[in-house]
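Each value in this text was obtained by applying a stated rule to the coordinates, not by laboratory testing. Just so it is clear, the model here is predicted, and its values are computed rather than measured. With ideal geometry, Cβ positions are generated from the backbone for all residues, glycine too; neighbour counts draw on all protein chains shown.
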Amino acid sequence: MSQYPNAAFIKSANAPDQFPADVGTEVAVAGRSNAGKSSAINIIVNRRQFARTSKTPGRTQLVNFFGLKDGQRLVDLPGYGFARVTDSMRQHWGELLSGYFEIRQSLSGLLLVADMRRRLTDYDRAMLQFAADVQVPVHVLLTKADKLSRGQVATAVLEVQKELAGRATVQAFSATSRLGEEQARQQLENFLGLPGPA
Ligand SMILES: Nc1nc2c(ncn2[C@@H]2O[C@H](COP(=O)(O)OP(=O)(O)O)[C@@H](O)[C@H]2O)c(=O)[nH]1
Ligand SMILES: [Mg+2]
């Protein structure tokens with residue numbers, strides 16, 4: 001059963017003035033397009049097709065807000081990194097993302113989803129910087145672990161931990177095998193229990 005039986009979509013926003021009221025706490029989930037962000041959200045919330053998975057990378061360029069419990073939200077941030085994107089789309093994306101991090105007082109943590117076969121990308125480094133700028137803690141889900149051997153998974157985790165050098169925590173995850181499900185949910189709960197930045 002879902003730990004969040006009352007979880008529900010709130011709204012999609014294309015600009016900060018469309019964000020819902022900045023009260024309570026929220027955890028943002030970021031990830032390069034096609035990294036496996038929607039799949040990870042569905043596993044953590046334990047609801048099939050809660051956040052829609054897409055075969056068409058780059059379709060979801062909006063900030064999607066979901067209510068988990070009273071005063072607690074999960075925010076699906078727009079992905080990035082697909083080939084066919086115009087300069088104006090890229091600029092809009094950057095402004096929407098940086099605006100989100102700057103404005104949101106209720107933001108208490110970031111879950112960063114990355115395909116472990118690619119390690120971290122420049123997208124991920126940009127997200128880490130946005131979070132660091134507003135002193136929001138980050139937990140990295142290295143996903144698609146089912147695509148690699150156990151040894152390769154351990155190597156990927158170590159390499160990313162080394163790059164991060166303590167700036168974020170890291171775990172292996174798979175939406176397919178559900179590896180790391182409990183740890184990811186625990187981290188979400190930890191973040192939701194923290195106050196937003198002062
Ligand atoms: N093998 C495997 N495939 C995954 C995993 N997570 C996501 N995918 C697949 O990767 C593609 C992109 O996933 P999606 O969750 O929509 O990525 P998003 O763009 O980051 O939201 C889809 O075809 C998913 O089925 C995983 O843990 N293992
Ligand atoms: Mg998605």
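Residues with beta-carbon under 14 Å from that of ALA28, excluding ALA28: net charge, scoring Lys, Arg +1 and Asp, Glu -1?
For residues surrounding ALA28, the net value is -3.
D for the chain, whole µm²/s, Stokes-Einstein with Kirkwood Rh over alpha-carbon pairs at 10 °C and 1.306 mPa s: what number?
95
Modelling each spin label as a point 7 Å along the Cα-to-Cβ direction, I'd like the GLN91/LEU62 distance in nm, to one decimal.
Distance between the two pseudo-spin positions: 2.4 nm.
Which distance in Å, rounded to a whole number, links the C-alpha centroids of the stretch 115-152 and the stretch 1-37?
19
Enumerate the amide H contacts of PHE19 below 5 Å, restricted to partners 5 or more residues apart or on another chain; note that Pro and chain-start residues carry no placed amide H.
It is none; the list stays empty.
Please state the charge dipole magnitude for the stretch 108-198, taken about the Cα centre, from unit charges on C-beta atoms (+1 on K and R, -1 on D and E), reported in debye and rounded to the nearest 20.
I would put it at about 280 debye.
How far apart, in nanometres, would the label points at ALA21 and GLN3 be if each is projected 7 angstrom from Cα along the Cα-to-Cβ direction?
With each label point 7 Å from Cα toward Cβ, the separation is 2.6 nm.
Could you state the orientation-averaged shadow area of the convex hull built on the Cα atoms of the stretch 74-134, in nm² to one decimal?
Convex hull of Cα atoms, orientation-averaged projection: 4.6 nm².
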